[in-house]
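The values are calculated or read from the model by the stated rules, or taken from the named source; none is laboratory data. Bear in mind that the values here come from a model prediction, so they are computed numbers and not experimental data. Here Cβ is always computed from backbone atoms with ideal geometry, including for glycine, and neighbour counts include all displayed protein chains.
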Amino acid sequence: MNKLFIILITAFVILTTGFGFEFYKDTNNELGEADLIRVSYPQPNSFIESPLEIKGEARGYWFFEADFPIVLTNWDGLIIGEAIASAQSDWMTEDFVSFTATLEFEKPEYGERGFLIFQKDNPSDLPENDDALEFTVFFK
């Protein structure tokens, strides 16, 4: 009975932890927030260097006062760069509006992977109005 219990618990742990491997779910432009924000450059899993020129389009309500924040983190979630994306035309619409941003950062000494996070501007600070697009990038 004890052997069966130990085997079942071990099998459960192995199956629910992915056999010890880490799996990363990237949100790319075909998934997740595709109807809210589309990033044309950089693409998920691309190699980046500073200064990073960012381009894309987002629904007008992703912006507030024609901008929204972008954050770059290292592999451990530490913020290593921040930028403000600026609308390139009238943002007071529900249609897509082009944006650009320039993000400067120092390449981390450790880890080759980071995360680029496009945050919906939320002046209300209400959690139900928060939204973001996040994907993996690699440092050159």
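Among the residues of segment 69-77, are any over 16 Å from Thr136 (Cα atoms) and either of a type in the set (S, T, N, Q) or in contact with a strand residue (DSSP E or B) (Cβ under 7 Å, 6 or more places away or on another chain) (or both)?
yes
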Seminar exercise, completed: Counted residues in segment 62-97 being touching a Lys or Arg at 6+ places or on another chain (Cβ under 8 Å), surrounded by 14 or more Cβ atoms within 10 Å (Cβ to Cβ) and within 18 Å of Asp131 (Cα to Cα) come to 4
For this session: Among the residues of segment 53-99, write down those that are hydroxyl-bearing (Ser, Thr, Tyr) and more than 30 Å from Glu112 (Cα to Cα).
Result: Tyr61, Ser89, Thr93
Seminar exercise, completed: Within segment 107-119, the residues that are modelled with pLDDT of 95 or more and either among the acidic types (Asp, Glu) or outside any strand (DSSP E or B) (or both) are none
Problem set entry | Conditions (1) under 17 Å from Ile70 (Cα atoms); (2) in a loop (DSSP other than H, G, I, E, B): number failed by Thr136 | (2)
